[in-house]
Structure formats: structure tokens, C-alpha cells
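S.K.: If you scroll down you'll find the structure; I have some questions about it.
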Amino acid sequence: MSIFEDAQKEFSQQHFTIVEIKLPVIQGQCNISGAGGYGTPKTCDESWDEVVDGYKTYKFTQVDAPLLPESGILRIIKSINETPAELQPSKGLASRGTVAITMIDVLGDPNPFSPAVIANGEGIGLYLAKLAARNEVSGKEITIKNYHLPADGSPVDLVNGAQSRHYILESLNPNKNGSWTFNAKDELSRVDLDETVWPAPTSSFINTDITHTEIHINVVTDEAIKVNDTLRVGEEFMKVTALGTNSVTVQTRGTQIVYTNLLTETIKEAHSAGDSIFICEISDNEKIADLLERILLDVGVLPFYIPKNDWNTELDKWHPTTRVNTLWYESEDTSKVLETILTYYMIDMWFDPIARKIKLAAISAWQNTELTLTEGDEIDFETVTKKRAEQLRATRAVVVYSKPFLATSDSIENFRKSATYTRTDLELPTSFGKPKIKQFNSNRFIDTDGAILLTNRYVNRYTDPSYFSWITQESKL
């Protein structure tokens, strides 16, 4: 715990913030089109090396911040607006936490040690305009550090005294009044709708016409196909048994795709040269946490952010025997894939910018309360508001599942089983008086136990849901 958090309960407090932005720099020779560059990858023809060249951390604080024991921190922050991640009931994947930091531009140069800058007149022009022109900020780290000013007048501990919140930069944009705004989102922004898909698509295709029985297939692929991979061509799945030069051998066409378990039935059909090949991702007796981790790593989330031991501890309370058995046979928006998995296993996922971890919680009506909030203490008196969440309420829940032929459409006739849970006591005249049904979309990867658990937990959690909001003082956070 930081000094900032230790001091939160003090009656009288003074705070200030330092914003740190980490950008790549080139320390050595830097030229652009024969002229001197500015020491950033965007302004140097020389290649950048993460180890040799490294990074520079730019630091900013408010105009009225106290005297600090470190030089070089620009006093130009005008405002900081943070919106924390918000859990979204029945969706699983939380909204992204966002931050917008507006700074006043000043004379100066962000690269004062580059020879080219000195040659062109150090200090001429505006600092943030140069920073934006010379750097690609998208995807870079930004940290908001909140500090407590010691009441006894002792120096601020800039190293250990902060409560830090971490984000990923999206953009740096100018405003009409001459200021600039840094916009950032939390680490889960890497799975946003317009950024990534999973599984990743390939440009593989069949190179010659084949009949519906041939098992030796000439292919062109931009990704290494491996033995035991499953390929999808049209509505047919083929399991690879051997590799050749620009060719694959597959098991008898039209036979089941089996690993530890049967994953799908399939048809057999003729294919033409140029028909696309999709290399499927395989979930074979896969734990939920392993699948979620694999998806996040594939789209660029760093392992540091994934506390999988904590995930398994949480999920083992409610899904100790659950395993995922399916093929992921087409690319979809990563956020949609995650939302589907989280929704059907009733899991919440969000990014904690202080712990700097992606957190999971299994949603259940039977979890024990671990924290009590009291009006007049943690909750300001008479600030509680309650709003009925009627769109979530259900007295019955039903899900259709078990899709033998995965490549067929998601129409209801292609599924074999359904699970329903009903609370008849809530449908009596003394209660709500009529059924209210939650109809889940048809699901191709949950098993019977998962379907029964989903419908049971949903109804019992959302028999009479409401949203609550209130005001809490910072000292009680």
C-alpha cells in the first residue's frame, strides 16, 4: 500500500498528481533524409532497438503543484478526467476505463539533448506540438500518479508515495484554445471492437481442385500448418495427419473431428482451387481460465496483466469441472468472443488500473458478502438512489445448445438440446403474476452441466434486480 493510500483517512488532505508518459527514443546517431533528426523513431532513419535505445519518461504536473524534489517536471496539466471501468450485468466484459488529460502548451522542446534540436534553436516553438509531431503515442504507456502532501511539511516521496493508475494511450489531439488532450483507455482496450479479431485470419487456400474423397491436398499458406490442426474449407472440417512440401494429408474425409472428445461432426464435399482454408483454434478439455488467457495473449495483452492463478482460484468455486470442447472456426471481433464466453459462464472481467491486472469474478447469487457499507460512514447520508433493472429480471431462463455440425448456421434446427430453469413461485399472483423469460442465444460450446448452471444462476441472481448509486468520500474508498 502506498503513502497516498495510508493517508486517505486523514481529515485534512492536500493532493497533487504527476502524469508520466513513456515513449521510445533513439539515444545515438539520428538523421532523417540526410538532416539531423530529433531522437525519436518517427524522426530517425536509424532503426530503433528497445534495449540499446530504450525509452524516455516525460513527466507533467498541475500548475499549482507544490515544490517537488525533482527537476524537469512540467507544470502544465489543466484537467484530468477519469471514467473507471464499469461492470455490465449479463454481458461479462466490462466497459473500458478511460482518461482524458488536458495540458497547456508552453515554449520548450521535448528532445533537448538531440544535436539537431540544438542546431535548430532549442526552446523555439511549443513543447506539446513538437511531442505530437515527433512521436506515435498510440499504444504507449501512460501512468497517473496521485500523491498526498505530508501535513508535517516533510518532502514528498516521489518514488514510493504514489497511488498509480495505468492506461494505454490512444491519441494526442490539439484543442481550439491551444491546449492539447491525451486520451487513453485501460489495457482491455486491446480487445476493442475495431482493433482485433480472434482467431487471427490467414491467407491460406487450396491450390488444386479436389474431389470429396481425396486426402492429399495441395495448399498455399501464409502460416505453418501443423499435424493435428483442424482445417475448415466451406462447411467441411479436415484433421491434418501428415505434412508434405506445400501439401497436407488429412484423415478420411467426412469423419468426426475427435481429440480428447468429439468436437464436431462434418460433411465431405469437393473443393476448387482457390477455396479458402481457415486454421481452427482448438479447445480440447480446456479450462476457462486457459482459454481466456490464450485469447488475450494472442491479441497482444502482456502476460504481466493476467493473474491466472487468481482466475483459477475464483473460477474453481463455481466451475471446478467445467471444460471447453469446441473448434473456433471463424474470425470474430475479440470483444464479441470474450463477451460470449463470459456471458455463458456468468463471469465478469475488468481491468484494475491500480493493481494493473485484469480481474475476474464469477457472478452468483450464492456468493458470500465480503464487505459491508454503512450509510453515514462509507455512504454519505441520504445519497443512495435505487433504480429497478427490469430488463434483467427473469422468472425463467432457457438456452439451446449442442451443435453437432459446427460449420452449419446458428439456426435453431442445427442444435439438439436445451436447458430451462423456472421459478414458479415468482409467477404466482402474489408475486409478479406472469412469466418473464430470459432467452439466451443458441450456444455451441457449453455442455449440459454448463447449460443447467447458467439458467439456474441467472434466474436466482436476477429475480428482482436493481441498480444502486451513492456518494462515498475519498477517505472511505
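S.K.: Just to confirm the number: angle between the C-alpha axis of helix 288-298 and the first principal axis of the chain, 0 to 90 degrees, nearest 10?
M.R.: Approximately 60 degrees, to the nearest 10.
S.K.: Which value, in Å² and to the nearest 10, is the accessible area of Ile347 when all protein chains are kept and the probe is 1.4 Å?
M.R.: My reading of the accessible area for Ile347 is about 0 Å².
S.K.: If the rule is a partner Cβ under 4.7 Å, which cysteines in the chain fail it?
M.R.: Cys280
S.K.: What angle, in degrees between 0 and 90 and rounded to the nearest 10, separates the Cα long axis of helix 448-461 from the longest principal axis of the Cα atoms of the chain?
M.R.: Once rounded, one gets 50 degrees.
S.K.: Packing-wise, with mean Cβ within 10 Å as the measure, how do 416-427, 351-362 rank, highest first? All intermediate terms of the calculation are to be shown ahead of the outcome.
M.R.: Numbers: 416-427: 15.4, 351-362: 18.3.
Going from most to least packed, we get 351-362, 416-427.
S.K.: Which of the aspartates and glutamates could be linked to Lys239 by a straight reach, that is with a Cα gap under 19 Å, when you skip same-chain ones fewer than 8 residues away?
M.R.: Candidates past the 8-residue exclusion: Asp209, Glu214, Asp222, Glu223, Asp229, Glu265, Glu269, Asp275, Glu281, Asp284, Glu286, Glu330.
S.K.: Provide the per-residue ³J(HN,Hα) series for segment 19-28, in order, calculated from phi with Karplus coefficients 6.51, -1.76, 1.60 and θ = phi - 60°, each as a whole number of Hz, with x at glycine and proline positions.
M.R.: For segment 19-28, the Karplus curve yields 9, 10, 10, 9, 10, x, 9, 10, 7, x Hz.
S.K.: Another question, if that's okay. Rank-order 281-290, 429-438, 59-68 by packing density, defined as the average count of other C-beta atoms within 10 Å over each peptide's residues, highest first.
M.R.: My ranking of the peptides, most packed first, is 281-290, 59-68, 429-438.
S.K.: Would you please give the residues with an amide H less than 5 Å from that of Ile379, counting only those at least 5 places away or on a separate chain, with H modeled from the backbone geometry?
M.R.: The list, which skips near neighbours in sequence, is Thr374.
S.K.: Oh, and also: Work out from phi, with θ = phi - 60° and the Karplus expression 6.51 cos²θ - 1.76 cosθ + 1.60, the ³J(HN,Hα) of each residue of segment 33-49, listed in order in whole Hz, and give x for Gly and Pro.
M.R.: After applying 6.51 cos²θ - 1.76 cosθ + 1.60, I find 6, x, 9, x, x, 10, x, 10, x, 6, 10, 10, 6, 5, 6, 9, 10 Hz.
S.K.: Just the number, please: carbon plus sulfur as a percent of the accessible area of segment 378-432, 1.4 Å probe, no ligands or DNA/RNA counted.
M.R.: Working: 1680 of 3270 Å².
Ligands and nucleic acids excluded, carbon and sulfur reach 51 percent.
S.K.: Which ³J(HN,Hα) values, rounded to whole Hz and listed in residue order, are derived for segment 222-228 from phi using the Karplus coefficients 6.51, -1.76 and 1.60 in 6.51 cos²θ - 1.76 cosθ + 1.60 with θ = phi - 60°, glycine and proline given as x?
M.R.: Running phi through 6.51 cos²θ - 1.76 cosθ + 1.60 with θ = phi - 60° gives 9, 9, 5, 7, 10, 4, 6 Hz.
S.K.: For the chain, take the longest principal axis of its alpha carbons; what is the angle in degrees between that and the long axis of helix 334-344, to the nearest 10 within 0 to 90?
M.R.: 60 degrees
S.K.: While we're here: For segment 397-425 and segment 127-163, what is the separation of their C-alpha centers, rounded to whole Å?
M.R.: Taking the Cα centre of segment 127-163 as reference, the centre of segment 397-425 is 52 Å away.
S.K.: Excluding residues on the same chain fewer than 8 positions from Lys42, give the lysines whose Cα lies under 30 Å from its Cα.
M.R.: Excluding near neighbours in sequence, the set is Lys22, Lys56, Lys59, Lys78, Lys130, Lys140, Lys145, Lys176, Lys185.
S.K.: Counting heavy atoms of the protein chains only and a 1.4 Å probe, report the per residue accessible area for the chain as a whole number of Å².
M.R.: 51 Å²
S.K.: Please list, ordered by chain and number, the residues whose modelled amide H lies under 5 Å from the amide H of Gly125; skip anything fewer than 5 residues away on the same chain.
M.R.: Gly108
S.K.: Near Lys476, which lysines are there with a Cα under 17 Å away, not counting those fewer than 8 places off in the same chain?
M.R.: Reachable lysines: Lys9.
S.K.: Among Ser469, Ser71, what's the order by accessible area (1.4 angstrom probe), most exposed first? Display every interim value, and only then the final one.
M.R.: Numbers: Ser469 60, Ser71 110 Å².
Order by accessible area, largest first: Ser71, Ser469.
S.K.: Right, next: Given contacts defined as C-alpha pairs under 8 Å and at least six residues apart, what's the relative contact order of segment 127-286, whole-number percent?
M.R.: For segment 127-286, the relative contact order is 18 percent.
S.K.: Return a whole-number percent for the relative contact order of the chain, with Cα pairs under 8 Å and 6 or more residues apart as the contact set.
M.R.: 13 percent
S.K.: Hey, what did segment 383-442 get for relative contact order, percent, Cα under 8 Å, at least 6 apart? Don't jump to the answer; show the numbers that get you there.
M.R.: Working: 81 pairs, mean separation 26.0, N = 60.
RCO, segment 383-442: 43 percent.
The values are calculated or read from the model by the stated rules, or taken from the named source; none is laboratory data. For clarity, every value in this text was computed on a predicted model and none was experimentally measured. Don't worry about glycine lacking a Cβ; one is built from the backbone with ideal geometry, like all the others, and counts go over all protein chains shown. Calculation scope for accessible area: heavy atoms of the full protein, side chains included, ligands and nucleic acids excluded. Shrake-Rupley method; radii C 1.70, N 1.55, O 1.52, S 1.80 Å.
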